[in-house]
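Visitor: After the structure tokens below, expect a handful of questions from me.
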Amino acid sequence: MKLQTLSVQEIAELRQIYGNIDFDDDDNRVNEVFTTGVLDRFDRILNEEEAFKLLTNRYQDSKDEVRYVECFKKIFEWTGKSDVIVRNDLYNDNIRTYKKEMTQEQYRYLLLIKQSIKGEFIQTNDIKVLVFLFKLALQTYTTPDFFFPSINSVILGNYDMSLPVFCKSEDTIRKLETIVNQSGLYIRNIETKIQF
């Protein structure tokens with residue numbers, strides 16, 4: 001397993017590229033800098049009745065998870081298997097609570113990753129680690145953010161399997177949209193950055 005914890009300098013450089021990494025709602029700069037969208041299994045925002053029916057189905061979630069993971073792998077392939085920076089909350093998280101919900105093998109792997117993490121930001125091109133962390137996000141154990149420096153893009157953690165996407169280029173989000181659609185998913189509500 002290849003994991004590297006980012007230094008203070010590297011985190012500062014990341015903030016310089018992406019601005020406010022937290023992407024707070026009150027940070028108007030995000031819409032000026034990024035083309036945004038939402039990686040989702042639905043092509044639109046669901047109404048309340050649809051959401052109740054469709055977002056509470058564990059069986060459907062597990063089927064959809066397969067499509068999300070395949071999509072994530074395709075995005076990783078498209079980047080040339082470049083390093084991905086993951087802002088994780090495992091560093092400070094008490095993972096014992098996950099033990100009763102995971103298989104023994106999953107929990108052991110989680111412990112191994114946790115031991116390797118020395119800070120909030122890690123960098124890796126180990127697809128096994130990335131997929132594992134991505135699945136944890138989809139299953140709402142954690143809410144990591146995945147930075148793809150090679151394409152100047154970030155995918156934020158899970159919100160009912162709706163993952164906000166921020167790209168520095170409209171061309172990049174359009175290419176991501178093609179990859180996502182090939183996986184049977186959508187990038188909805190694409191908003192292009194403000195040009196001055």
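Visitor: At R0 = 25 Å, how high is the FRET efficiency between S169 and K63 if r is their beta carbon distance? Nearest 0.05 is fine.
Guide: Working: r = 32 Å, r/R0 = 1.28.
Efficiency at R0 = 25 Å is approximately 0.20.
Visitor: Counting only protein heavy atoms, what percent of the accessible surface of the chain is carbon or sulfur at a 1.4 Å probe? Walk me through the intermediate numbers first.
Guide: Numbers: 5000 of 10770 Å².
Reported share for carbon and sulfur atoms: 46 percent.
Visitor: To continue, here is another question. Accessible area per residue of the chain at 1.4 Å probe, in Å²?
Guide: Numbers: 10770 Å² over 196 residues.
Counting only protein heavy atoms, the per-residue value for the chain is 55 Å².
Visitor: Assuming 1.306 mPa s and 10 °C, estimate D for region 116-196 with Stokes-Einstein, Rh taken as the Kirkwood radius over Cα pairs, in µm²/s. Let's see the in-between values first.
Guide: Values: Rh = 14.0 Å.
The diffusion coefficient I find is 114 µm²/s.
Visitor: Quick one: of K128/K168; K81/K175; K114/K135; K135/K175, which pairs are farther than 20 Å apart, Cα to Cα? Could the numbers behind the result be given before it?
Guide: On the way: K128/K168 27 Å; K81/K175 16 Å; K114/K135 15 Å; K135/K175 23 Å.
Flagged as over cut-off: K128/K168; K135/K175.
Visitor: GNM on the chain, C-alpha springs below 10 Å: top fluctuator among F76, F42, F52?
Guide: Maximum among the listed residues: F52.
Visitor: By its C-alpha gyration tensor, with a ≥ b ≥ c as the square roots of the eigenvalues, how is region 41-105 shaped: rounded for a/c under 1.5, else prolate for a/b larger than b/c, else oblate?
Guide: Numbers: a/c = 1.97, a/b = 1.16, b/c = 1.70.
In terms of gyration-tensor shape, oblate.
Visitor: Let me ask something additional. May I ask you to compute the full-extension gain from D93 to V131, defined as 0.36 nm times their residue separation minus their alpha-carbon distance, rounded to one decimal in nm? Numbers along the way, then the final one.
Guide: Numbers: separation 38, 0.36 × 38 = 13.68 nm, distance 1.90 nm.
So the chain would gain 11.8 nm between D93 and V131.
Visitor: Here's a follow-up. PRE reach from L54 (point 7 Å along Cα→Cβ): which of region 116-146 fall under 20 Å by backbone N?
Guide: The answer is 138-140.
Visitor: Based solely on its DSSP helices, what 222 nm [θ] is calculated for the chain when runs of n ≥ 4 H residues each add -39,500 (n - 2.57) and the sum is averaged over all residues, nearest 500 deg cm²/dmol?
Guide: Details: 7 runs with 82 residues, N = 196.
Mean residue ellipticity at 222 nm (helix-derived): -13000 deg cm²/dmol.
Visitor: Another one. Is there a quick way to get the dipole size of the chain? I mean about its Cα centre, with the Cβ of Lys and Arg at +1 and of Asp and Glu at -1; what is the value in debye to the nearest 20? Please report the intermediate quantities before stating the final value.
Guide: On the way: 26 positive and 31 negative charges, 183 e Å.
Taking the Cα centre of the chain as origin, the dipole is about 880 debye.
Visitor: I'm spelling it out carefully: the read-out is Rg and Dmax of the Cα atoms in Å, the candidates are (i) 20.2, 78; (ii) 16.6, 53; (iii) 47.3, 156, and one was derived from this structure. Which label?
Guide: Read-out taken from this structure: (ii).
The values are calculated or read from the model by the stated rules, or taken from the named source; none is laboratory data. Nothing here was measured: the structure is a model prediction, and the numbers come from that model. Because the Cβ atoms are built from the backbone with ideal geometry, glycine has one as well, and the counts that use them run over all protein chains shown. SASA here: full protein model, heavy atoms, side chains in, ligands and nucleic acids out. Shrake-Rupley method; radii C 1.70, N 1.55, O 1.52, S 1.80 Å.
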